[in-house]
Amino acid sequence: MMAAVHDVSWCDASTAGATAYDVRRVQLRVAVAHRPHVVAMDAVLGDLGRRDWDLSEIRSHLTHCAWVLTRRGAVLLTTSVGRRARWHRSRAEQLDAVYEELAQRFGTIHLDHASSAAGLADQFAAALTGRGLELPRAPFPR
C-alpha cells in the first residue's frame, strides 16, 4: 500500500559481526546518503562477545547514530536483543537498556520481539506525530 502512494526503496548497510564503532563510522554514512525515512538499527551483536566490552563507548556510538538519523527526520526502530544473546544475557540486557534510553531521548521505537503488529503501528504513528506528521488510522482490529 505504501509503494502505491510513495517511492519505496531499500538499503541494507549491515554487515555480519559489526560493532557499534562500525555502525557509527561506516554504516551511518551509507544510511545518511540514502536519506531514509525509516531506519532499523538492530543490535550490535558484534560487541557482545568482545573482551573489551565497553558499554559507555557503545552507548556513545549508538547515541550519535540516533541523533544524526532523527535530526534528519528518520524514524528509528530498534529491537530487543534479549533472546538472541543467550551466552551474554547480562550484556544483552545492558544493550536493551541503551536502546530504551534512545527511545526516551529521541522518540525512537524500541520493539520487543513479542510486540504485536497493532502495537507497532501505534508506536510508529506516535513517532510520526512527534515529528509533525500523521498517518491515517488503519483499520486494524484491536
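The values are calculated or read from the model by the stated rules, or taken from the named source; none is laboratory data. Here the structure is a predicted model, which is why all the values come from computation and not from measurement. Methodologically, a virtual Cβ is constructed for each residue, glycine included, from the backbone with ideal geometry; neighbour enumeration extends over all protein chains shown. Just the protein is used for accessible areas: all its heavy atoms, side chains included, with ligands, DNA and RNA removed. Shrake-Rupley method; radii C 1.70, N 1.55, O 1.52, S 1.80 Å.
Quick check on A13: is it under 21 Å from L111 (Cα atoms) and hydrophobic (A, V, I, L, M, F, W, C)? Taking the combined requirement at face value, the residue satisfies it. Once the range 39-62 is narrowed to residues that are surrounded by 17 or more Cβ atoms within 10 Å (Cβ to Cβ) and either assigned to a helix (DSSP H, G or I) or more than 9 Å from the chain's Cα centre (by Cα) (or both), the residue that is modelled with the lowest pLDDT is V44. Looking for something within 23 Å of G49 (Cβ to Cβ) and either modelled with pLDDT under 90 or open to solvent by less than 70 Å² (accessible area, probe 1.4 Å) (or both) - is there at least one such residue anywhere in the range 101-108? Yes, that holds for at least one residue. Within the range 16-38, the set of residues being of a type outside the set (K, R) and either buried (at least 18 other Cβ atoms within 10 Å of the Cβ) or within 18 Å of L95 (Cβ to Cβ) (or both) comprises A16, G17, A18, T19, A20, Y21, D22, V23, Q27, L28, A31, P36.
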